[in-house]
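Worksheet: one structure, shown below.
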Amino acid sequence: MPRPLLDLAPDAIATAARRVMSRCDDLAAISSMDGGIERVYLSPEHARVNRIAADWMREVGLAPRQDAAGNQLGRVDGRDPDAPVLMLGSHLDTVPDAGRYDGIAGVLMAIEVVRLLAREIPSFPFGVEVVAFSDEEGARFGKALLGSSAVAGAWDPAWWELADQDGVTLRQAFLEFGLDPSRIAEAARRPDELAGYLEAHIEQGPRLDRAGESLAVVSSIASARRFQLAVHGEARHAGGTPYDARRDALIGASEAVVAVERICRAQHHVIGTVGQLEAFPGAVNIVPGEARFTLDLRGEFDGTRDAAWTTIAAELDEIAGRRGLRWEARELHTAGAVMCAPTLMDVVRAGIEEGTGQRVAPSLFSPAGHDAMSIGRIADVGMLFLRNRDGISHHPDESVAVEDVARGIRALAEAVAHLADERSR
Ligand code: HGY
Ligand code: MN
Ligand code: MN
């Protein structure tokens, strides 16, 4: 096994890992939800964590700034202030009733890597920029990856009219947050400004835990499509309406929900989830005339994802025809699969194997989405996965061992050093 490039003191790594864990606890307390963690885009909680992250960035020599999309960044130059930057980071927003490590650990690990490389970065052929993306989850407006889409120059003006559950549009939310919608383009970065993007993230699945491995290289990130669907039937009296006279929208939607699981399980690396289902008018003694549900559909490849959607739509047609129903779907979010760059996979693998001594770094496909999907439009991307217990995520029981965070920090630092070494040749 080749010797690691970095000679980092083990106790400095251990201290950094403990700091990440305690800061994840600090940020978990900044929540709009009593008794749980919820921090959505352009909320007061988002503003608070950006200010705290800016202080933590400043502490390690990063010059902080909030961009036109509400992302919090911090930059330190390498040997040439005009050179491209290597972007490290993840996101600080959460889903409702979230865990405390999804995204957050990656941002804090990136800050610790800059602290550990303070002496080396001034001689790097690139600068280093830590980014805390503002909306990876899409929990407030339905469209995910808004913060990183702005950085990738992929902002769609149609998004300004997206509204949250209180009817607040994205445009209004920008203005209330103190951002100017007309300046969103200022968040965009050009490809020549970036030397690459590396993101450390918990796996959010059980493969590493089941294999007894600590870290993995990510090979690719799943493509995603999110839909809001509605099934229309006829509301009728729950007692007097015979079954042969019913057009029960909830029964039809329920058949579709079961079909989503059957269709996706029959495919390889295609995952379909119905996270929300609601009946209307929603009274105990009325046959539901309408049912609304969401669909989160992912695939290792865009083609297999889209083939599954075609099959699901055909199944909905059959159910609707048989039950006298009508259905419609509105697509909320689409993101193509992203392949991680082989050169960045190599440095992440070197970071894991040489930096931590893990014998072999497995390569894993990520069924979870990440900001790297957006940044992959303008730069090479690489990801490092950390084991998290039983893969539990998007749940308060989400957990990660401090030892794995330490190994992840060590691996990420070594990966950065390997990239600097390669780019210096
Ligand atoms: O939903 C996802 O895959 C990610 O956690 N936002
Ligand atoms: Mn998430
Ligand atoms: Mn995440």
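The set of residues in segment 414-424 being surrounded by 16 or more Cβ atoms within 10 Å (Cβ to Cβ) and out of contact with any Gly (no Cβ under 6 Å at 6 or more places or on another chain) consists of Val416, Ala417, His418, Leu419, Ala420, Arg423. If you go through segment 143-169 and pick out every residue that is closer than 17 Å to Arg39 by Cβ and small (Gly, Ala, Ser), you end up with 3.
Every residue, every condition in (1) open to solvent by 60 Å² or more (accessible area, probe 1.4 Å); (2) at pLDDT 95 or above, yes or no:
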residue: Arg247; (1), (2): yes, yes
residue: Ala253; (1), (2): no, yes
residue: Val257; (1), (2): no, yes
residue: Gly272; (1), (2): no, yes
residue: Ala291; (1), (2): no, yes
residue: Thr311; (1), (2): yes, yes
residue: His333; (1), (2): no, no
residue: Ile352; (1), (2): no, yes
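Residue pairs whose Cβ atoms lie under 7 Å apart, separated by 6 or more positions or on different chains, with the first residue in segment 309-333 and among the aromatic types (Phe, Trp, Tyr) and the second in a helix (DSSP H, G or I) and surrounded by 14 or more Cβ atoms within 10 Å (Cβ to Cβ), are Trp327/Leu316; Trp327/Ala320. A single member of Ala368, Ala411 is small (Gly, Ala, Ser), open to solvent by less than 30 Å² (accessible area, probe 1.4 Å) and farther than 18 Å from Gly205 by Cα, and it is Ala411.
Give the residue, chosen from Arg75, Arg100, Arg119, that is touching a residue at least 40 places away in the same chain (Cβ under 8 Å), surrounded by fewer than 24 Cβ atoms within 10 Å (Cβ to Cβ), out of contact with any Ser or Thr (no Cβ under 8 Å at 6 or more places or on another chain) and not in a strand (DSSP E or B).
Of Arg75, Arg100, Arg119, the one residue that is touching a residue at least 40 places away in the same chain (Cβ under 8 Å), surrounded by fewer than 24 Cβ atoms within 10 Å (Cβ to Cβ), out of contact with any Ser or Thr (no Cβ under 8 Å at 6 or more places or on another chain) and not in a strand (DSSP E or B) is Arg100.
Here Trp159 fulfils each of the conditions (1) part of a loop (DSSP other than H, G, I, E, B); (2) modelled with pLDDT of 95 or more apart from (1).
Looking across segment 122-140 at every residue that is open to solvent by less than 10 Å² (accessible area, probe 1.4 Å) and hydrophobic (A, V, I, L, M, F, W, C), the one that is nearest to ligand 3 (Cβ to nearest atom) is identified as Phe133. Of everything listed in (1) assigned by TED's automatic domain parsing to the domain that holds His232; (2) open to solvent by 50 Å² or more (accessible area, probe 1.4 Å); (3) within 30 Å of Trp155 (Cα to Cα), the single unmet condition for Arg326 is (3). Set side by side, the residues Leu146, Leu108 differ, and just one is modelled with pLDDT of 95 or more, more than 23 Å from Gly205 (Cβ to Cβ) and touching a helix residue (DSSP H, G or I) at 6+ places or on another chain (Cβ under 9 Å), which is Leu146. More than 16 Å from ligand 3 (Cβ to nearest atom), under 30 Å from Leu277 (Cα atoms) and either in contact (Cβ under 8 Å) with a residue 60 or more places away in the chain or buried (at least 20 other Cβ atoms within 10 Å of the Cβ) (or both) - does that describe any residue in segment 187-198? Looking through segment 187-198, none of the residues is more than 16 Å from ligand 3 (Cβ to nearest atom), under 30 Å from Leu277 (Cα atoms) and either in contact (Cβ under 8 Å) with a residue 60 or more places away in the chain or buried (at least 20 other Cβ atoms within 10 Å of the Cβ) (or both). Just one of the listed residues (Asp404, Asp397) is farther than 18 Å from Asp93 by Cα and either away from ligand 3 (no atom under 16 Å from the Cβ) or in a loop (DSSP other than H, G, I, E, B) (or both), namely Asp404.
Entry remark, segment 209-219: residues being surrounded by fewer than 22 Cβ atoms within 10 Å (Cβ to Cβ) and either under 13 Å from Phe365 (Cα atoms) or not assigned by TED's automatic domain parsing to the domain that holds Leu88 (or both) number 1 in total.
The values are calculated or read from the model by the stated rules, or taken from the named source; none is laboratory data. As the structure is a computational prediction, the values presented were derived from the model and not from experiment. Please note: Cβ atoms are built from the backbone with ideal geometry, for glycine as well, and neighbour counts cover all protein chains shown. Side chains are part of the model used for accessible areas, which takes the heavy atoms of the whole protein and leaves out ligands, DNA and RNA. Shrake-Rupley method; radii C 1.70, N 1.55, O 1.52, S 1.80 Å.
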